[in-house]
Amino acid sequence: MKHHHHHHHDHNNPAKDLKHHKHLEHLAEAGAAMAGAYALHEKHQIKKDPQHAHRHKIAEEVAATIGVGAAGFGLHEHHMVKEAKHRLKEEKHHHRQHH
């Protein structure tokens, strides 16, 4: 995996940075949605399969926790996208002034 440096930026290439963070933001959104859907599925399983209610309750809580973590990561990446957009705009403005 290449994504072990979450705060590493290629300051020389804000366009590449923007694409990278948009991709991670979308992955985080998908992860949060999937975890939320799985949590709801497990919640339904408690009613459907009461003899394993405890197991389904734990699975529901784990999925909900993962969903919250993914949503938090998505917010972080959203902030990084805004930062990269700002740097891209500054770079374009800087080029216009000097060319």
Only one residue in E77, E60 is among the acidic types (D, E), part of a helix (DSSP H, G or I), under 30 Å from N12 (Cβ atoms) and without any contact (Cβ under 8 Å) to a residue 60 or more places away in the chain, so which one is that?
-> E77
Taking V68 as the residue in question, decide whether it is touching a residue at least 60 places away in the same chain (Cβ under 8 Å) and either within 24 Å of A39 (Cα to Cα) or touching a Lys or Arg at 6+ places or on another chain (Cβ under 7 Å) (or both).
-> no
Output the residue which, of all residues in segment 37-76 that are aliphatic (A, V, I, L, M) and within 19 Å of H26 (Cα to Cα), is most open to solvent (accessible area, probe 1.4 Å).
-> L75
Within segment 29-44, is even one residue in contact with a Leu (Cβ under 9 Å, 6 or more places away or on another chain) and aliphatic (A, V, I, L, M)?
-> no
Only residues that are among the charged types (D, E, K, R) and open to solvent by 30 Å² or more (accessible area, probe 1.4 Å): list them for segment 19-36, please.
-> K19, K22, E29
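The values are calculated or read from the model by the stated rules, or taken from the named source; none is laboratory data. Quick caveat, the model's predicted, so the values are computed rather than measured. Backbone-built Cβ (ideal geometry, glycine too); neighbour counts: all protein chains shown. Surface areas here come from the heavy atoms of the whole protein model, side chains and all, with no ligands, DNA or RNA. Shrake-Rupley method; radii C 1.70, N 1.55, O 1.52, S 1.80 Å.
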